[in-house]
Structure formats: structure tokens, C-alpha cells
Amino acid sequence: MKIIRTSTVPGSLNNFCRGLLGDLQREEGYEVVAVSSPGDALDEVAEREGVKTYAVPMRRNISPLNDLKSLYHLIKVFKKERPDMVHSITPKAGLLSMMAAWVCRVPVRIHTFTGLVFPTSTGLKKRILMLTDRITCACATHIIPEGEGVKADLSRYKITNKPLKVLGYGNIRGIDLKRFDPEIEEIKSPADALRKNDIFTFIFIGRLVGDKGVNELVAAFKKLNIEYPKSRLILVGRKEQNLDPLTSETLAEIETNNSIEAVGEKNDVRPWLLASDAFVLSSYREGFPNVVIEAGAMGLPSIVTDINGSREIIVHGVNGDIVPSKDSEALYSAMKSFIESPGKLEKYRSEARPLIEKRFEIGFVQGCLKDFYNKVQKK
């Protein structure tokens, strides 16, 4: 059975399907083809996974003329390869791949929704996004929401009336617990160099943009830091000045507050997590944030906003706290409680990794997908 996996940009296949494509081909007996926009990450997928690849340029933004060209090239690839199944991730690849697979009469057409943009959009943009998601679902034979929150939104907004099933506990990638392990010796020395033992450290990992709630997080920490000078906030991620930039007030606070460290992007976040006391994700929306899973695997308790994905990883009062989004006061109160309640923090810490081990270990997550493939193939 031949499977074509598609994504808009190759980094998505490279990250979310790491190890999976090769396993499907070598161990499960499938023939696997990967299709995405050209780039070094697509070459890496081909070399590491040992699968055939096609480079088809696809734009992430709305671009009718370019989208038609991409659709044409996808149809050519599908007609040439004659797959039994096409499985897409990411919005644009989902729309174009499901349409192309429908045109080519591919028997099994699967799209995984890793997150939805339209619930936080407005006006014409929201209507267009909802329409494209409805077209994707109409052309697909099977739809997989990455989590229960995404599943609920697809039903609530009447995007589709087809059956929706979350695989396992959600999440499409899973986590390598051997890599994300606080006991690994190679990351202890770098973490020791980053740690400040007498200072309570919060860490955020993600793009430094408004949509990630960084304005509210910085405002909350500014208030907390006045009350507790022995606290610090580490911001790991790149600033984006052209897309949803931070406010000038937030940027000024990051620049002038010595207790805030904006350290940029890091290829390896494990030492930074190990050097911290608690993780914070203040985002307005997510699909299923892997960084919260990574923080938990490293034994960190978390404060997250009450959004899709995050509320499915963090169990309030067990391995962290859940607060309303866009609410700096709620963030401040939760962060303050972490500092003031060492007993609560230790309880959260003791539950952090075991919960991740149970629900999101990579073998379990990939096994759920393999079982799904086998089930739909037999039909």
C-alpha cells in the first residue's frame, strides 16, 4: 500500500513525522512518499527516512494564482504515483492535497487538523478560513483532530459533519523520553551554567509575538518582579517585527528589565528547561503545543492558558495551573502562587513527567496512527 504524506513546508514533515515515515516503510510494509515545498528539510527527510520525496512549492498565505499552480503539480504527482492513501498536515497542504486527491480518486484521503486559525480571526478572513477548512473536509474521507479542543471547534462551527476521532490522547508527534530526560548527563553542565539557584526562574518558549500572549506575560512578570526581586523570566524564541509584533511597552520592558532574559532561538531547549523552575505558555491559541509536553518531560510544572491543546496536557491542580488567556492578572496570580507555595510546586513537579510518560511517549503516539492506518486500509 502506497502512502503519500504532505505538508506545506518541509519542516513540518521533518519535525512531526521524524522516524515515522521510515518505520512505516521498513517495519509496516508501506511504500511512503513525502511531498512538501522545496528546502533542506525535505532533503533531510529523504536521507534520514529513506523515502521518495517530491518538491511542490506551496504558499502558507492566501495566494490564488500560486495555489492553482500548486494544485496542478500535486495532481501530476498523485497521478504519477497512484497512491492508496494521501495524508496531509498543515492548512494549505490540507486544502490542496485533499482537493488533488479527490480529483485523482485516491481511495483514502486523510487530513489532520493540528490547529485552527479561524476561531481567533474576524470578518472576511474568518469566513475565508472557515470555507477552506470546509472544502478540505468535504474532499477528505477521514478527518483527525489533533486534540479534543480542535474536535469541538470543528463541530461547533459546523465545519464538517463527518465522524471525528482523536487518536490516543491527542498530539501527532509524541516525545522521545530518552532525549527529554532531566537525568541526561550531557545537559546537566550547560544547565548548571544557566541556573541561578537563589532566583525563581520562569521560562517561556515560542515566538515573541502578541498572539503568544507575551505582552500579558511580560506585564504579569513586571508586577511580580517588583514584589519578588529574586525572580527572573527567560524568553526563548525569535522576535517578529512584521507579523503581530509586541507592543512598544513590552519591548521596552524586555530591554530594560535585567530580570528578563530574551535569549533568542535555541536548537536545544533542554538545558534551558532544566535550569528553570516553572514553564509558562501564555498563548491565545494553539493546536497541541509540543513545548508544554517537552517541559513536562523535563519535570517542570506549568502555567498555561485555557486554550486547545494546553488544557489537554496540563491537568489543573495536578501538573500545573490553567488560567484564562489574555489576562495578565491571572498570570501574575498563578506565577505568584508558584513562588509562595513550594509544597504545591513540588506536588506538580512530581506529577509532571509521569503524566507525559503515560500519554505522549512517541512510540505510543505513533502506534495509535499506525493502528488507524491499518484499520482504514482494511475497509
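The values are calculated or read from the model by the stated rules, or taken from the named source; none is laboratory data. Owing to the predicted nature of the structure, the values given are computational and were not obtained by experimental measurement. Note: ideal-geometry Cβ built from the backbone for every residue, glycine included; neighbour counts use all protein chains shown.
Descriptive notes on the structure:
- All conditions but one from (1) in a loop (DSSP other than H, G, I, E, B); (2) within 23 Å of the chain's Cα centre (by Cα); (3) of a type outside the set (Val, Ile, Thr); (4) closer than 26 Å to Gln377 by Cα apply to Asn15; the one that does not is (1).
- Check on Ser189, closer than 24 Å to Ile339 by Cα and of a type in the set (Gly, Ala, Ser): no
- Scanning region 79-102 for residues that are of a type in the set (Lys, Arg) and touching a strand residue (DSSP E or B) at 6+ places or on another chain (Cβ under 8 Å) yields one hit, Arg82.
- Test: residue in region 65-76 that is closer than 24 Å to Phe372 by Cβ and among the hydrophobic types (A, V, I, L, M, F, W, C): yes
- Test set (1) charged (D, E, K, R); (2) outside any loop (DSSP other than H, G, I, E, B); (3) under 30 Å from Leu355 (Cβ atoms) - Arg134 fails condition number: (3)
- Residues that are surrounded by fewer than 14 Cβ atoms within 10 Å (Cβ to Cβ), part of a helix (DSSP H, G or I) and free of Cβ contacts under 8 Å to residues at least 24 places away in the same chain within region 41-65 comprise Glu47, Pro64, Leu65, listed in sequence order.
- Sole residue being in contact with a strand residue (DSSP E or B) (Cβ under 6 Å, 6 or more places away or on another chain), closer than 21 Å to Arg5 by Cα, assigned by TED's automatic domain parsing to the domain that holds Asn14 and charged (D, E, K, R), chosen from Arg105, Arg134, Arg109: Arg109
- Some residue of region 7-28 being at pLDDT 95 or above, closer than 20 Å to Cys139 by Cα and crowded, with 18+ Cβ neighbours inside 10 Å: yes
- When Leu194 is tested against (1) in contact with a Cys (Cβ under 9 Å, 6 or more places away or on another chain); (2) of a type in the set (A, V, I, L, M, F, W, C); (3) at pLDDT 95 or above, just one condition goes unmet, and that condition is (1).
- Qualifying residue in region 344-360 (condition: touching a Pro at 6+ places or on another chain (Cβ under 8 Å) and of a type in the set (Ser, Thr, Tyr)): yes
- Ser341 polar (S, T, N, Q) and surrounded by fewer than 19 Cβ atoms within 10 Å (Cβ to Cβ): yes
- Selection from region 291-310 of residues that are at pLDDT below 95 and either of a type in the set (S, T, N, Q) or not assigned by TED's automatic domain parsing to the domain that holds Gly320 (or both): Asn308
- Test: residue in region 76-90 that is surrounded by fewer than 20 Cβ atoms within 10 Å (Cβ to Cβ), of a type in the set (A, V, I, L, M, F, W, C), under 24 Å from Ile362 (Cβ atoms) and modelled with pLDDT of 95 or more: no
- Strands (runs of 3 or more DSSP E) completely within region 215-314 that count 3 or more residues being within 21 Å of the chain's Cα centre (by Cα) and surrounded by 15 or more Cβ atoms within 10 Å (Cβ to Cβ): 231-236, 278-281, 302-305
- Yes/no for Leu274 being out of contact with any strand residue (DSSP E or B) (no Cβ under 8 Å at 6 or more places or on another chain) and either in the same structural domain as Pro354 (by TED's automatic domain parsing) or of a type in the set (Ser, Thr, Tyr) (or both): yes
- In region 99-111, residue surrounded by the fewest Cβ atoms within 10 Å (Cβ to Cβ) [restricted to those that are touching a helix residue (DSSP H, G or I) at 6+ places or on another chain (Cβ under 8 Å) and closer than 22 Å to Cys368 by Cα]: Val108
- Among the residues of region 74-100, those that are part of a helix (DSSP H, G or I), in contact (Cβ under 8 Å) with a residue 40 or more places away in the chain and over 25 Å from the mean Cα position of the chain (by Cα) comprise Leu74, Val77, Phe78, Glu81.
- Residue count, region 308-340 (criterion: in contact with a Phe, Trp or Tyr (Cβ under 7 Å, 6 or more places away or on another chain) and within 23 Å of Glu265 (Cβ to Cβ)): 1
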